[in-house]
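Data first, discussion second: the structure below is written as structure tokens.
Every number in this text was worked out from the coordinates using simple rules, so none of it is lab data. Quick caveat: nothing in here was measured; it's all calculated off a predicted structure. Counting neighbours? That spans all protein chains shown, and the Cβs are built from the backbone with ideal geometry, glycine included.
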Amino acid sequence: MGWTTKARVPMPGVLVQQRILGCCWHATSALSRGGRMVVVDVPELTVREVNEATARFSGARLIGEGEHARVYRASLRTGKAAAAKRLVGYHWSWPQRGPPARVHRVAADLRVLLYEFADMGTLHDALHLHGDRPALSWAQRVRVALDAARGLAYLHGFATAAGAVHGEVRSSKVLLFPGFRAKVADGHNMFHQPDLELGYAQVRHASAMAYLSPECFSTGRMMPKSDVFSFGLVLLELLTGAKPFDDTDREDCCYLWSWAAPFLAEGRVEECIDPKLGDQYPRAGALELATIAVQCLQKDPTSRPSMDTVARLINCDIIMRDQHGRRLL
Ligand SMILES: Nc1ncnc2c1ncn2[C@@H]1O[C@H](COP(=O)(O)OP(=O)(O)OP(=O)(O)O)[C@@H](O)[C@H]1O
């Protein structure tokens, strides 16, 4: 069984699911209403082929696990790798209206999203799982920040047509590809319907809660500016190398924003920069990026810039130059 669906031609910065097997996903068609999206047919893939590509979702193919899904490496017949995200025990908490509500009405055992395979994993792992991989350089951090900002700006660009909001912006949703190109994946709340309470109820673990904006806590509502707040935390993560919420020392749970705010307010960026960068970063560029993060993290959503503005602010000459004045990207 496979649904004939369409996929957007991937634009740098956004990763969208190509197909759900076993349930019908309406995001693609709804998002295409904006008229700014190119829609293409993707090759039909049957459940049998997906089973074959993942060795029947064998443990050996498991590459990651989230709250709602297990992710497997799939080898397609074309020779390409894909990430097959199998939804497990997932209860769609969409309200019974609007396009996503249709998902409720389709019963199926196998619900799989196929994604382009992110060869270099997630930004979260690149920043926080050390192992023997080298720390991200300043240039790589800037590349990732710009791509992710552009991806979200692109998504928000549909706000007037279909009302797109990601709703789960965090470093584990930023996937990395060769050359440290980044794409923002997932986005369970692709439809922004201003009066609906979305997202907050879906986010249960503390590390994900740390990315939520104040208005999400107070109203449970998601809006594009809530994504901007979450993105501000991703920027802080890139700058400091620290997690938005770290309870390693449970006595003294640390919220990154509360810790970094006093330094950033006084322009003391060097006191909170990721020590793994050593002195291999431009102070002026880091300060500029920190200033953008602070703007994103404003308590009042109306004081935050739009994602489009954030992307343009990042792409400025100060940030695009290294400590020797050489162009980074
Ligand atoms: N397209 C992909 N390519 C390669 N690896 C992926 C891809 N998508 C997800 N993964 C891996 O699978 C893991 C789990 O992904 P998932 O999106 O389910 O989790 P999460 O963001 O950690 O959790 P949750 O959304 O449940 O809070 C990721 O941390 C990543 O390591």
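Placing dummy labels 7 Å off each Cα toward the beta-carbon, the span from Asp308 to Glu266 is 3.9 nm. A straight Cα-to-Cα reach below 23 Å connects Lys243 with the lysines Lys173, Lys183, Lys225, Lys276, Lys299, residues fewer than 8 places away in its own chain not being considered.
Distance between the pseudo-spin-label points of Asp279 and Arg48 (7 Å out from Cα toward the beta carbon): 6.5 nm. Projected label points at Ala135 and His324, each 7 Å from Cα along the beta carbon direction, are separated by 2.0 nanometres.
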